[in-house]
Amino acid sequence: MYFDISIKNARTRFSKGKCLDIGIKDGRIVKIGENINEIGSHLIDAAGKLVTESFVNGHLHLCKVYTLTKVGEEALTSYQSGSMGKAMTAIELASKVKEQYDESWIIENVRKAIKLAIKYGNTHIRAFADTDTKAKLEGVKALIKAREEFKGAVEIQVVAFPQDGVIRDPGAEDYIREAMELGADVVGGIPWIEYTDEDSRKHIDLMFDLAKKYNKDVSMLIDDAGDPGLRTLEMLAVKTIKEGWEGRVMVHHARAMQLYPEPYFRKIVALLKRAKIGVVSDPQTGPLHARVRDLYDEGVGIALGQDDIADAYYPFGRNNMLEVAFLTAHLLWMTTFEEMEILYDLITTKAAQAMAIKDFELKEGNKANLVILDAENIWEAFTNHEAPCHVIKDGKEVTQK
């Protein structure tokens, strides 16, 4: 067999210190083993460095990247305050930037962020675009354009996201529908931002109606404030089960979970497992977070996300999932070698599982989405959180320096 790409002398997470060879053909990993004689038209010597699955970012507000200077500090300060009691205030302040929304400048920011994603080995992104009566379809159009421009290097799932609510923002539902017609991939939602529980349920119901009509997955920002009384995660899980949408829903943030009484948290875990809902946590972008380790231990699909890049909610970010995991190790005090391995799963295999990405693991027959790191182990990779030496997407090298 003649490979498209041959990777020689690769250390993997399962090779127990041995170096293996990896053969890639027609976009897939066709052979893994020691001293494979066949070679490829493109030969990469990993020189004993770690080769793993590429990185997955389950949550990025891509239409907002690099807008912090347009918004100012007030929203950032409100969102980052210790108890997150002003989270809704922050969202209202941040929404002002959408009065300036135009595809022409959004796309330039998006391109900059996606080039960083490729540089840092991030090949799959669930990307949110505000879709409402202020943003209209400007962000959605920019993200769809970027999805097509970069489809050979990065898979962008475009989420049409009613950031300011649906009941609170009459007309937003129509824009979400239009976004689906334009080609958005996922129906978004943020039910906790509505004023009443009744409106939150209606928000979820309306977005599910669209998801079912267009046969789309669902991603919702849930309970993103310091209020243990928020219950939209429960509402969404119950709705998912009733509609038979198990395995097609992702939850983002769920920061109020950290404040839940233990019996209620256990009820939520049971619902998440039954509904097969994936959870994306972004501990670096707010002082509260979903209970990452507990969810992992319970077998809930859990992942980490970048969330924001230099916008009204977070002033940093490079689309570097190694950096996100490095920060999470400190914030959640997950600093043992075992916990580092878990965190690495949350930006690769477990993240892919949460996003329902199939054939992702580094195994024969699966898709060739790989990174060759400038490190020999996970500890070293986190310590330096540098760009990979090589990035491979669907069997093609897409490395950017």
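Would you work out which of TRP245, ALA303, SER219 lies farthest towards the positive end of the dipole of region 175-328? Charges go on Cβ: Lys and Arg +1, Asp and Glu -1.
The Cα lying farthest towards the positive end belongs to TRP245.
With only Lys, Arg, Asp and Glu charged, each at its Cβ (+1 for the first two, -1 for the last two), find how big the charge dipole of region 260-342 is about the Cα centre; round to the nearest 20 debye.
Roughly 440 debye, rounded to the nearest 20.
Using a 10 Å cut-off around each Cβ, can you sort PHE337, PHE360, PHE161, PHE316 from fewest to most neighbouring Cβ atoms?
PHE337, PHE316, PHE360, PHE161
Show me the ranking of peptides 235-242, 212-219 by mean Cβ neighbours inside 10 Å, starting with the highest.
Sorting 235-242, 212-219 by mean packing, highest first, produces 235-242, 212-219.
Once the dipole of region 280-382 is set up with Lys and Arg at +1 and Asp and Glu at -1 on Cβ about the Cα centre, which of ALA329, ALA352, LEU373 lies farthest towards its positive end?
Looking along the dipole axis, the top candidate is ALA352.
Suppose every Lys and Arg Cβ carries +1 and every Asp and Glu Cβ carries -1, with no other charges. What dipole size does region 55-354 come out with about its Cα centre, to the nearest 20 debye?
Working: 37 positive and 46 negative charges, 105 e Å.
Magnitude of the dipole: close to 500 debye.
By per-residue mean of other Cβ atoms within 10 Å, what is the highest-first order of 192-202, 107-117? Mind showing how you got there, number by number?
Values: 192-202: 17.6, 107-117: 19.7.
In descending order of packing, they fall as 107-117, 192-202.
Report, for the chain, the % of DSSP beta bridges that are antiparallel, rounded to 5.
Working: 19 of 54 bridges.
Around 35 percent antiparallel, to the nearest 5.
Given H placed 1.01 Å from N in the peptide plane, which residues other than close sequence neighbours of HIS59 have an amide H under 5 Å from its amide H?
ARG126, GLN306, ASP307
Let me spell out the model: positive unit charges on the Cβ of Lys and Arg, negative unit charges on the Cβ of Asp and Glu, origin at the Cα centre of region 256-401. What dipole size does that give, in debye rounded to 20?
For region 256-401, the charge dipole is close to 680 debye.
Among ASN37, LEU93, VAL186, which residue has its Cα positioned farthest towards the positive end of the charge dipole of the chain, with +1 placed on the Cβ of Lys and Arg, -1 on the Cβ of Asp and Glu, and the dipole taken about the Cα centre?
In the chain, that residue is ASN37.
How would you rank ILE347, ILE309, going from fewest to most other Cβ atoms within 10 Å of each one's own Cβ?
ILE309, ILE347
Can you list residues whose amide H is under 5 Å from ASP217's amide H, if they're 5+ apart or on another chain and H is modeled 1.01 Å from N?
Amide H to amide H, under 5 Å and 5 or more residues apart or across chains, ASP217 pairs with VAL187.
List every residue whose amide H lies under 5 Å from the amide H of ARG28, counting only residues 5 or more places away in sequence or on a different chain, with H placed 1.01 Å from N in the peptide plane.
Here the answer is ALA368, since their amide H atoms fall under 5 Å of that of ARG28.
May I ask you to order 124-136, 280-292 by the average number of other C-beta atoms within 10 Å around their residues, highest value first?
Averaged packing, sorted descending, gives the order 124-136, 280-292.
Quick check of the Kirkwood formula: for the chain, what is the inverse mean of 1/r over all pairs of different Cα atoms, in Å?
Over the chain, the inverse of the mean reciprocal pair distance is 21.3 Å.
FYI, it's all coordinate maths here, none of it is from the lab. All figures in this text were calculated on a predicted structure; none of them were measured in a lab. All Cβ positions, even for glycine, are placed from backbone atoms using ideal geometry, and neighbour counts span all protein chains on display.
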